[in-house]
Each structure stands twice: as structure tokens, then as C-alpha cells.
Amino acid sequence: MKDVILTDRGPKPIGPYSQAIRTNAFLYVSGQVALDSENGGDDGRRHQTADGADAGKREGNCGGGGLELASRGEGDGFSEDMNDFGAMNEVYAKYFTLSPPARSTVQVARLPKDALVESK
């Protein structure tokens, strides 16, 4: 059984994917870029990481699926510059103070909407 999560509280998918999918006891969430991705530089990466996490928490992904961000078991980070790994970690540390999820972070050539980072 597969339930598609689609909510007006989150950005509509820009391709053939769902905001999130619930199957039995698992919730699979799509990545989230910042909704306001105009900020550049190191502070922009912090801002975009936080904005993506906030959006995933309150909108279509975690929030729409009834999951608290802190209870996530896994997450991924995508950055257009791996030199910003430290900035991303600073933001993640604020969201996950106890038992952070397992996570992978990779550098990518380009992200949707020319975002600097994408969180999942």
C-alpha cells in the first residue's frame, strides 16, 4: 500500500515526483530547496539549508506526512560546493540536537531553481 502525500502547504512538485510517500510505517520525503533562494555566499547556504529544513518540517514533506522533523531516521544533503559542508552542519545541528538522523551529503553540479543546497 502506498499513500501519496500532496498538500497545499508545500511547493508543488516541478516534475514527476511526490512531495512524500507513506508506505506502512515509513515516510519517504522528496528533497526541498529553499523557497527564497536569492541569498548567495556562505550566509546564503546557511539560510537555504534552514529554509529547506523549515519547509520540509511544516509543509508538504514531513509535516504533510504527520512526521516530526526530529524523529527522522535518514536525510540527505546536496550542495553545489562541498566547501560549505561546515555551514550545512551548523544548521543541521540546530534542528537535530538529540539523536540526529543518518545522513549523506554530496556535491552536485547544479540544483533545481539554481539553489545552493537541497535538503532531504
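Please treat every number below as a calculation from the coordinates, not as lab data. Quick caveat, the model's predicted, so the values are computed rather than measured.
A few points about this structure:
- In order along the stretch 104-120, phi translates into HN-Hα couplings of 10, 9, 10, 8, 10, 6, 6, 10, x, 6, 6, 5, 8, 9, 9, 10, 9 Hz, rounded to whole numbers, per the Karplus curve 6.51 cos²θ - 1.76 cosθ + 1.60 with θ = phi - 60° and x for Gly and Pro.
- Interchain or long-range residues, amide H under 5 Å from THR105's placed H: GLY77
- Amide H partners (placed H, <5 Å) of GLY31, local residues excluded: none
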